[in-house]
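Please read the structure below before turning to the comments.
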Amino acid sequence: MADIRVERLRKTFGTLNAVDDIDFSFPQSSVTCLLGPSGCGKTTLMRIIAGLEEPTSGDVYFGDRRVTDLPPSKREIGMVFQYPVVYKGISVRQNIELPLKSEKIPPAERARRVDEVIDLLGLRDLADKDVSRLDNGSRQKVAVAREVARQPRIILFDEPITNVDATAKLQLKRAFKELTRRLSQTIVYVTHDQTEAMTLADQIALMRDGRIVQCDAPRTLYNHPADVFGGWFLGNPGMAFFAAELVGEGDFLTLLSPLLPAPVAASGSGSGNVTLGIRPEQILVSARREPGSIPAMLLRKSIQIGGQHLLSLDLADATIEPFKAKVSNEAGAALPESGEVWISLPLDRVTLFGPDGARLPVSFPFTELVAV
Ligand code: ATP
C-alpha cells in the first residue's frame, strides 16, 4: 500500500518549475531516497510532503487522507534536517523524552521508548550527557532518536549527513542503516550522495529538473538505468557511452560498434544511431588478446580508494573519445602502466539508448560475441 501519494504536484518559483507535475507513490514501511543533482527539486518535494511548502497545484495524500492543506504539526510526521535540532543544556535522554512528555505519553511507556531508541542509535554511553558537549554527528543521532521515539508513521530526512565530518558520516550511515532495517515506518530520505542512497534505500527515486525520472531498487537503477541521465549520474565515474548503430528489425537486429570486434546479433526494437552504455567496471581489460577482444591504448593507470585501478583508455578509431574503465586490484596490477591492452564488452552488461536518451528494449540472444 502507498503511504504517501502525490498527485499532479507542481511548485513554481517565478518561471522555474521546481517540482514539475509529479505523480508518485512512496510505498509503506520502506525507505525511499530522493536522489539527484543540486537544484533538481528534492528538498522542495520533501517540504511539500512535510507541509512546509505549499504546492502551486496538486495534492498530497497520507494513505487515503488528503493532507494538502494541513499544517506540518497536524500531519503526524517526524522530520530530521541538515542541521541537528537539539535542546542544549539538557541531556540526551531528556532531549528524546521532551516531545513524549508534551504528547502526554505515560512515564513507563516514555522510558521504554527512550531506552529503545538510545540502543537503536548507539547512544547508551552518551545518554546522560548534556547535548551541548556532543559533536555534530552525535547531536544528529539525538535529533533522529527524538523523532523515532515519537513513532510517527512517516519520517522525512533532509540530507541529515551533509554537515558532519567524514568519520561521523560513516558512523551515522551505519546507524541509519541499522535503524531503517528495524523500523516499520515509511521513510523519505533526501540526498545528493549516491553512496548514501545506495546503502540506505529500499528504492531510489532519481530526480532531474523537477521530475522523478526513474524509481527502482538501488541495484536495478544502477544496472538498468532508464535513460542516459541515470547512467551518467550514478557511478563514479558514470557509464561510458559510445556511438553505435543498430540495423535490421525485431529479432534480426545487428549492432555495430568500433568497440566490438564484429557486428553482433540483437533483438528488440530500435534502429539507426544509438548510444551504447557500459559501466566502467564492467569493461574487461587484459594485457593479452582474449576471444572477442579488441586492441586499445592504455593512456593512464591510477589506483583508487579500495585498491581498484582506474584506467584511461582510447581506441585507434577517430570516432571514439578516450574513456574510463575500472578493474580490480589484481587485474590492474597485471596490466602495463601504459601501451597496448585488449578490451571486451560483456554483452549482458551493455545497455543501448535511443536518440532521445531512453533505454531501448534490446537484448542480445548470445552473451558471447557472435559475429553475424
Ligand atoms: P540541493 O541538493 O542543492 O538542496 P534540491 O534538489 O533539493 O537541491 P531544491 O532545493 O528543491 O533542489 O530547489 C529546486 C529549485 O528551486 C532550485 O533551482 C532552487 O534554486 C529553486 N528554489 C527552491 N526554493 C526556492 C525559493 N524559496 N525561491 C526561489 N527558488 C527556489
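For this structure, a couple of remarks:
- The residues neighbouring Lys42, those whose beta-carbon lies less than 11 Å from its own, together hold a net charge of 0 under the Lys/Arg +1, Asp/Glu -1 convention.
- Local charge for Ala18 was computed over the other residues whose Cβ lies under 14 Å away, with Lys and Arg +1 and Asp and Glu -1, and equals +1.
- Relative contact order of the chain: 15 percent, from C-alpha pairs under 8 Å at least 6 residues apart in sequence.
- Cα-based shape type of the stretch 60-211, given that a ≥ b ≥ c are square roots of the gyration tensor eigenvalues and the cut on a/c is 1.5: oblate
- For the residue pairs Lys42/Lys177; Lys129/Lys173; Lys104/Lys173; Lys88/Lys173; Lys101/Lys141; Lys42/Lys74, the C-alpha atoms sit more than 27 angstrom apart in Lys104/Lys173.
- Expressed as a whole percent, the accessible area of the stretch 4-231 that falls on carbon and sulfur atoms is 47 (1.4 Å probe).
- Computed from Cα atoms, the angle from the helix 107-120 axis to the main principal axis of the chain rounds to 30 degrees.
- Taking a Cβ cut-off of under 13 Å around Pro295, the surrounding Lys, Arg, Asp and Glu residues balance to a net charge of -2, with basic ones at +1 and acidic ones at -1.
- Cα shape, the stretch 215-316, gyration tensor, a/c 1.5 rule: oblate
- Degrees, to the nearest 10: 166-182 long Cα axis against longest axis of the chain: 80
- If you sort the three axes of the alpha carbon gyration tensor as a ≥ b ≥ c, you get a/c of 1.5 or more for the chain and a/b above b/c, which makes it prolate.
- Fluctuation leader among Glu54, Glu337, Glu245 - the chain, Gaussian network, Cα springs under 10 angstrom: Glu337
- Our summary gives the stretch 45-135 a relative contact order of 26 percent, counting only alpha carbon pairs under 8 angstrom and 6 or more residues apart.
The values are calculated or read from the model by the stated rules, or taken from the named source; none is laboratory data. None of the values given here were measured: they were computed from a predicted structure. Positions of Cβ are generated from backbone atoms using ideal geometry, with glycine treated the same way; all protein chains shown enter the neighbour counts. Heads up: the accessible areas ignore ligands, DNA and RNA and are worked out on the full protein's heavy atoms, side chains in. Shrake-Rupley method; radii C 1.70, N 1.55, O 1.52, S 1.80 Å.
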